Amino acid sequence: MSKQSPHIEYLLSLSAQVKSEAELGFPQLNVTQLNWKPNATAWSIAQCLDHLLITNELYLQQVKTQIPIARSKKILPFTPYKKGWLAAKFIKQMSPEGKAAKTFKVFKPDTSTIDAGIVARFLQQHDMTTRLVKHAAEVDMNKVKVVSPASRFVKFRLGDAMELVLVHDLRHLAQARRVMTSSGFPL
């Protein structure tokens, strides 16, 4: 087996961070803890995870479709991956260090009580994300495109879309962790 590209290695390291963060404390929480909000406008831990499930599914549906199409068309990884300039801005904004941004309606989480299975569903989806990162190594991540679910006019390179999903996961897992450390969090 050939050596993986540096970007695939980077994506796999991000993926490992996401898994570690998600497994650290969230699976042990009960429904009350998962749905508790520090204030009326903040999201609960469950809402952070629901938002990630919704957002990721909209991106990953396309990735699951585009990778086999690219393989069948022999769009193989001949050139080194290069991040797009627009994607670089989105990735910076969506990273844990990025400024808060308004969530597009298509990505908004459920406002009702969310069951405790949300953690297992997120971890299961994350395992699929990791498998897709590995499959992305088989195609040219510069040429395969993923359309933003927020706007059909915005297209990302496959490598950019996968990075965006993972840094966005880290952002909202950090947000969920802050909920756990908020004053008044039920023990």
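Among GLN17, GLN61, which is the only one that is in a helix (DSSP H, G or I) and without any contact (Cβ under 8 Å) to a residue 12 or more places away in the chain?
Among GLN17, GLN61, only GLN61 is in a helix (DSSP H, G or I) and without any contact (Cβ under 8 Å) to a residue 12 or more places away in the chain.
Would you pick out the residues in segment 18-61 that are more than 17 Å from the chain's Cα centre (by Cα), surrounded by 13 or more Cβ atoms within 10 Å (Cβ to Cβ), closer than 20 Å to LYS102 by Cβ and aliphatic (A, V, I, L, M)?
Correct list: ALA42 only.
Tally the residues that are under 19 Å from GLU163 (Cα atoms) and surrounded by 14 or more Cβ atoms within 10 Å (Cβ to Cβ), restricting the search to segment 71-85.
Matching residues across segment 71-85 total 4.
Report every pair of residues separated by at least 6 positions or lying on different chains whose Cβ atoms are under 9 Å apart, first residue within segment 21-32 and more than 17 Å from LEU166 (Cα to Cα), second surrounded by 14 or more Cβ atoms within 10 Å (Cβ to Cβ) and of a type in the set (Phe, Trp, Tyr).
Listed pairs, sorted by first residue: PHE26/PHE122.
Which residue out of LYS105, LYS64 is surrounded by fewer than 15 Cβ atoms within 10 Å (Cβ to Cβ) and farther than 16 Å from HIS126 by Cα?
LYS105
Name every residue in segment 132-170 that is part of a helix (DSSP H, G or I), crowded, with 20+ Cβ neighbours inside 10 Å and not aliphatic (A, V, I, L, M), in order of residue number.
Within segment 132-170, GLY159, ASP160, GLU163, HIS168, ASP169 qualify.
Restricting to segment 20-41, name every residue that is of a type in the set (A, V, I, L, M, F, W, C), in a loop (DSSP other than H, G, I, E, B) and at pLDDT 95 or above.
Once the filter is applied, which keeps residues that are of a type in the set (A, V, I, L, M, F, W, C), in a loop (DSSP other than H, G, I, E, B) and at pLDDT 95 or above, segment 20-41 yields LEU29, TRP36.
Might you let me know whether segment 115-131 holds any residue that is more than 26 Å from LYS89 (Cα to Cα), among the charged types (D, E, K, R) and assigned to a loop (DSSP other than H, G, I, E, B)?
Yes, some residue in segment 115-131 is more than 26 Å from LYS89 (Cα to Cα), among the charged types (D, E, K, R) and assigned to a loop (DSSP other than H, G, I, E, B).
Mind checking which pairs have a first residue in segment 168-187 that is under 14 Å from TRP43 (Cα atoms) and a second that is acidic (Asp, Glu) and surrounded by 16 or more Cβ atoms within 10 Å (Cβ to Cβ), Cβ under 6 Å, 6 or more apart or different chains?
Matching pairs, first to second residue: LEU173/GLU21.
The values are calculated or read from the model by the stated rules, or taken from the named source; none is laboratory data. Because the structure is predicted, anything quoted here is derived from the model rather than measured. Neighbour counts run over all protein chains shown; Cβ positions are idealised from the backbone, glycine included.
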